[in-house]
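Structure, as C-alpha cells:
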C-alpha cells in the first residue's frame with residue numbers, strides 16, 4: 001500500500017486528488033468505475049462521477065478530460081470545477097435547486113495510463129482522439145490528422161479493423177448511457193496545446209460540412225457573447241476551420257446520436273486551451289516537452305484552474321434552461337444561414 005501511494009504521488013497525483021474529492025462529496029455523488037488500466041502492479045481506475053437530477057428527462061452536461069496524457073491541465077481544470085461544486089453544496093441552496101433539474105457527468109481522467117507515462121497516447125501507443133472508426137472527408141495534415149504508420153509516432157490511429165481502445169470504448173459507453181437518453185445534452189472535452197487563444201470547438205473535425213445542429217451552436221455563441229460581452233477569451237468555431245482529422249470520438253458520437261436519437265439534441269464541444277500563450281510568456285517551458293501543453297509557473301497554473309469556471313457555470317445554466325434559448329423551427333433556417341456565412345464563407 002505504501003509503495004502504491006508513493007508511485008501514485010510521483011506519477012499520478014491527480015488520481016489521489018480525485019479520490020479525495022469523491023470521499024469528500026460522497027453524499028452528493030454517484031460514482032462508477034468503467035475501466036481499469038493496468039500499469040505494472042497497479043490498476044488505474046477510470047471513474048465516471050454524476051451529480052444532480054436522476055430523472056431520465058433531465059438535461060445533461062458531461063465534462064471530459066485527460067484524453068491525451070500529456071495535457072494534464074484538462075483533468076486539473078475539471079477537478080477544480082468539481083471541487084468547487086462539492087464545497088458549494090455544503091452551503092449553496094441555489095445550487096441544490098439547480099441540480100434538481102440538471103444532471104452533471106464527469107469523466108475527468110480518461111487516459112490515466114497516458115497521464116502516468118506523460119504521453120499523448122494511451123499505453124498501447126494509440127491516440128484516443130484519432131481512434132474512432134471514421135475517416136475524414138478529403139486530405140488531413142500529415143501525421144497530425146491521424147495515421148496508421150506506427151504506434152511509435154504521435155497521432156497513431158491504431159490498426160485498421162481492430163476494436164477501439166478500451167479507454168475510447170469507455171467514453172463511447174458513458175456518453176451513450178448517460179447523455180443520449182436525455183432530450184437535451186451537451187459535452188465539453190478539455191484539451192490544451194493549440195494556438196495562443198482558448199478555443200471552443202464544435203463538430204465536425206472530419207469535414208468542412210456544417211453539422212445539422214449548427215443553428216443551435218450559433219445561438220449558444222450569441223447568448224454567450226451577449227452575456228459576457230467584454231471579458232471572455234474564447235473563440236467559438238467548428239474545429240474544421242483550423243484543421244481536419246480522422247477518427248474523432250466526438251464526430252463519431254455526434255453522428256451516432258443523430259442516428260439513434262434523431263429527436264434529441266446532443267451538442268459536443270471541445271475546450272482547446274491555447275498553450276502557446278503560456279510558452280510565449282515563459283520560453284523555458286520549451287526545454288520540457290510537458291511544458292508545451294501545461295502552464296508551468298505556479299501563479300499562471302492557478303489562474304488557468306479558475307479562469308474557466310465561469311464558462312463551465314454558463315454551460316450548466318444553458319443546459320438547465322435549454323428551453324429558453326434553443327431556436328424554434330422558424331428561427332433555425334435563419335440561424336443556419338448566419339452560421340454558415342460566419343464560419344464557412346467569411347473564413348475563406
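Mean-square fluctuation check for the chain, GNM, Cα pairs under 10 Å: which of 333, 230, 131 is largest?
With Cα springs under 10 Å in the chain, the top fluctuation among 333, 230, 131 is at 230.
GNM, the chain, Cα, under 10 Å: largest mean-square fluctuation among 76, 41, 261?
Maximum among the listed residues: 41.
From the helices alone, meaning DSSP H stretches of at least four residues, give me the mean residue ellipticity at 222 nm for the chain, per-run term -39500 (n - 2.57), in deg cm²/dmol to the nearest 500. Before the final figure, lay out each step's value.
On the way: 12 runs with 130 residues, N = 348.
One gets -11500 deg cm²/dmol as the mean residue ellipticity at 222 nm.
Which distance in Å, rounded to a whole number, links the C-alpha centroids of the stretch 301-323 and the stretch 72-149?
15
What shape does the stretch 2-345 take by its C-alpha gyration tensor, where a ≥ b ≥ c are the square roots of the eigenvalues and a/c under 1.5 counts as rounded, a/b above b/c as prolate, and the rest as oblate?
Values: a/c = 1.36, a/b = 1.12, b/c = 1.22.
Taking the square roots of the gyration eigenvalues as a ≥ b ≥ c, the stretch 2-345 is rounded.
Choose one answer from 150, 55, 328: the residue with the largest mean-square fluctuation in a GNM of the chain with alpha-carbon springs under 10 Å.
328
Read-outs: derived from the displayed coordinates by stated rules, not from any lab. Small disclaimer: the values here were computed from a predicted structure and weren't measured.
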